[in-house]
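The next block holds one structure in the form of structure tokens; read it before the comments.
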Amino acid sequence: MDKIYDLTKADPKSLQERALKLSEEAGELAQAVLSVTKAPGSAYKNHSLADVREEAVDAAIVSLSLLAHVSDSREDFEAELDRLMTLKCAKWSEKLEPRES
């Protein structure tokens, strides 16, 4: 996380530019997934699961860079990341738990 924070602070991109970059990376991830799953019109791109992994990491890095961009300090970035990951994973977990009827 230190590297992402440092690179974010050294990179002059605006918040808007980072958000648009995330959209671009999400599109590249979608293309790789469509190719790997042989979706109609996408199989010719010949992506592999390695491409899916690479694009997923690119999207994750840009997403983390967005969080770093709106954080006041490295400590704030790390604390917010930990807090939000805990919160969001708990919500996800709740949705996966079987409900009693």
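The figures follow:
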{"quantity": "Fluctuation leader among 21, 38, 91 - the chain, Gaussian network, Cα springs under 10 angstrom", "calculated": "91"}
{"quantity": "Low-density loop positions, chymotrypsin sites (Phe, Trp or Tyr not before Pro), region 1-94 - DSSP coil, at most 12 other Cβ in 10 Å", "calculated": "none"}
{"quantity": "Phi to ³J(HN,Hα) by Karplus 6.51 cos²θ - 1.76 cosθ + 1.60 over region 82-89, Hz, x for Gly, Pro", "calculated": "5, 4, 6, 5, 4, 4, 5, 5"}
{"quantity": "Derived scalar couplings ³J(HN,Hα) [region 74-79; Karplus, 6.51 cos²θ - 1.76 cosθ + 1.60; whole Hz; x for Gly, Pro]", "calculated": "4, 5, 4, 4, 5, 5"}
{"quantity": "Fewest-first ranking of 6, 51, using other Cβ atoms within 10 Å as the exposure measure", "calculated": "6, 51"}
{"quantity": "Least to most buried among 3, 9 (fewest other Cβ within 10 Å first)", "calculated": "3, 9"}
{"quantity": "Taking the chain and dividing mean pair separation by its residue count, relative contact order in percent (alpha carbons under 8 Å, at least six apart)", "calculated": "33 percent"}
{"quantity": "Positive dipole terminus of the chain, leading residue within 98, 69, 35 (C-beta point charges)", "calculated": "35"}
{"quantity": "Karplus 3J(HN,Hα) series, Hz, for region 9-20 with 6.51 cos²θ - 1.76 cosθ + 1.60 (x for Gly, Pro)", "calculated": "5, 7, 8, x, 4, 7, 4, 4, 5, 5, 5, 5"}
{"quantity": "Proxy reagent accessibility, fewest Cβ within 10 Å first, across 1, 85", "calculated": "85, 1"}
{"quantity": "Which labelled figure in [x] 148; [y] 113; [z] 102 is volume of the Cα convex hull per residue in Å³, once derived from the coordinates", "calculated": "[x]"}
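The numbers here are math on the coordinates, done by the rules we state, and not lab data. Please read all numbers here as calculations on a predicted model, not as lab measurements. Methodologically, a virtual Cβ is constructed for each residue, glycine included, from the backbone with ideal geometry; neighbour enumeration extends over all protein chains shown.
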